[in-house]
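A short write-up of the structure that comes next.
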Amino acid sequence: MRKLPAVFLTLLILTAFCGVGAAEETRTFVDDFGREVELPAVVDSVAPSGSLAQIVLYSFGPENFATIFSAFSDEQKHFIDESIHNLPVTGSMFGSKMTMNAEEIMALDKKIGIDVIIDLGEAKEKIAPQMDEMQEKTNVPFVFITQNTLDDVAQSYLTLGEMLGQEERGQELADYTGGIVKMYQENMEKIGDDKVSVIYVTEVDGNAVCMLGHNSYHTEILDGIANNVAPEAVSGSGLGDQYTMEDIFQMNPDYIIVAGSGYLEHDNYEAIMSSDMWNTLPAVKEGRVYEAPYECPWAWMGNPPASHRLISILWLGNLLYPEVFDYDVEEKLIEFYDVFYHYDMTEEELGEIMVYSKGTAESAAASPAPVAGLLAGLAAAGLFVLRRK
């Protein structure tokens, strides 16, 4: 019986140590809304809410994923690590694809364990209370990280690195992205008011053309690196607004950037280059039409406008102003794929992706299109408008 106090004392000590261990198993993290969120000490099972969060999280590596926002296309799977191809899809809490619900999150958390759900983008006021509500329902932590403009990109990687406990990788990504943004800003200062004019065509359907107007959420880089002569955006969609050929003839841009229609699919580009009407535009006649690769694994021009759009700075800068953005662009792009996508891109594969991204003529030696050709195009466009009426 005299041994009992010693046994009890041992149990008390063990209980105390267990309590300390339990306390150390969590940590408080402050997100970009200033919300204090209790996270596991080690975070390695993350569910992204939305495509921006999914893209940015992938920069840290596929091993961080518990679920994915949306299923990958077969084309995207070519570049995405196989380990996350078939993870559960949990959707998004916000935006046009609000598919996440509390019941599914609780069921998945019980089945596979979810350390945290992250959302990333513009810090809108309504997001914080919705996160609090979902967190209370599911008992799963929700964290928000701001990445709205180019100036936010580097800090978002530092914040996400802190949340994941991968500060060194976060610093590496912050330094890399910050370096691209700094180079871009310094080079554009050199260019000053001598920016070329462009339009960015996202879809061609006969004589109906979708373009991204300036001051769009999706055109921060395009508006900065060139004079986007499309009118101010009305729609917030990644496809932009619809225009007629008559509108485009009046814009008469120096360059046309056209979205790829899929990985190694070129429907939009081919529709422009094979059209008699488009071919009356100087930019088309002189080969200043360039395709922005798509679904490899994400669109180079954004859509959504997450940090992966920085690749468009490297590409467009060198394309439009090679004397200022003076570097081996293919070398830069291969490095980007390694840093962001953990993908070993070959020169041959990059050449396939960029088959129409290098243009079809030397723009520097191009001469203005004949006035008669431009007038013919305007006449044709006017006839089309009259027929529609």
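Summing Lys, Arg as +1 and Asp, Glu as -1, what charge do residues with Cβ under 15 Å from the Cβ of residue 190 carry, residue 190 excluded?
Charge balance near residue 190 sits at -4.
Determine how many Å³ per residue the convex hull of the Cα atoms of the chain encloses.
Residue-normalised Cα hull volume stands at 165 Å³.
Name the long-range amide H neighbours of residue 228: under 5 Å, sequence gap of 5 or more, or other chain; modelled H, no Pro or chain starts.
It is 198, by chain and number.
So what's the net charge close to residue 165: Lys and Arg +1, Asp and Glu -1, counting the other residues with Cβ under 11 Å from its Cβ?
-3
Given that compact globular proteins tend to follow 2.2 N^0.38 Å, what is the ratio of the alpha-carbon Rg of segment 37-174 to that value?
In units of the globular-protein estimate, segment 37-174 measures up at 0.98.
For a quick check: with amide H placed at 1.01 Å from N, whose amide H comes under 5 Å from residue 142's, ignoring anything fewer than 5 positions away on the same chain?
Under 5 Å from the amide H of residue 142: 117.
Got a sec to turn the phi values of segment 341-353 into Karplus ³J(HN,Hα) couplings, 6.51 cos²θ - 1.76 cosθ + 1.60 with θ = phi - 60°, whole Hz, x for Gly and Pro?
Going residue by residue, I get 10, 6, 10, 8, 6, 8, 4, 5, 5, 4, x, 5, 5 Hz, with x marking Gly and Pro.
With θ taken as phi - 60° and the coefficients 6.51, -1.76 and 1.60, list the Karplus ³J(HN,Hα) couplings across segment 153-164 in order, rounded to whole Hz; mark glycine and proline as x.
Running phi through 6.51 cos²θ - 1.76 cosθ + 1.60 with θ = phi - 60° gives 4, 4, 5, 4, 6, 5, 5, 5, x, 5, 4, 7 Hz.
Using a 10 Å cut-off on Cβ atoms, rank the peptides 38-49, 121-132 from the highest mean neighbour count down.
Averaged packing, sorted descending, gives the order 38-49, 121-132.
Work the Kirkwood hydrodynamic radius out for segment 256-320: mean of 1/r over every pair of different alpha-carbon atoms, inverted, in Å.
12.5
Enumerate the amide H contacts of residue 263 below 5 Å, restricted to partners 5 or more residues apart or on another chain; note that Pro and chain-start residues carry no placed amide H.
The answer is none.
Checking the a/c ratio against 1.5 first, then a/b against b/c, what shape does the Cα gyration tensor give for segment 226-290?
Because a/c hits 1.5 or more and a/b fails to exceed b/c, segment 226-290 counts as oblate.
Quick check on the chain: helices-only [θ] at 222 nm, where DSSP H runs of length 4 and up contribute -39,500 (n - 2.57) each and the sum goes over total residues. Nearest 500, please.
Using -39500 (n - 2.57) per qualifying helix, the result is -13500 deg cm²/dmol.
I need the phi-derived Karplus couplings for segment 267-278: 6.51 cos²θ - 1.76 cosθ + 1.60, θ = phi - 60°, integer Hz, Gly and Pro marked x.
3J(HN,Hα) across segment 267-278, in whole Hz: 4, 5, 4, 5, 5, 5, 5, 9, 8, 4, 5, 4.
Charges on Cβ only, +1 for Lys and Arg, -1 for Asp and Glu, centred on the Cα centroid of the chain; of 67, 334, 229, which one is farthest towards the dipole's positive end?
Going by the Cα projections, it comes out as 67.
Evaluate Rg over Rh across segment 46-119, taking Cα atoms for both radii and Kirkwood's formula for Rh.
0.94
So what's the net charge close to residue 234: Lys and Arg +1, Asp and Glu -1, counting the other residues with Cβ under 15 Å from its Cβ?
Around residue 234, the charge tally is -3.
Mind checking the dipole of segment 24-166: about its Cα centre, +1 per Lys or Arg Cβ, -1 per Asp or Glu Cβ, Debye to the nearest 20?
So the magnitude is around 340 debye.
Mind telling me which of 292, 208, 283 comes out most flexible in a GNM of the chain, alpha-carbon contacts under 10 Å?
With Cα springs under 10 Å in the chain, the top fluctuation among 292, 208, 283 is at 208.
Once the principal axes of the Cα atoms of segment 295-353 are found, what is the range along each, listed largest first in whole angstroms?
Over segment 295-353, Cα extents along the principal axes are 29, 26, 19 Å.
No value in this document is a laboratory result; all are computed from the given coordinates. On a predicted model such as this, the values are computed, not experimentally measured, just so you know. Every residue, glycine as well, gets a Cβ built from its backbone with ideal geometry; the counts of neighbours run over all protein chains shown.
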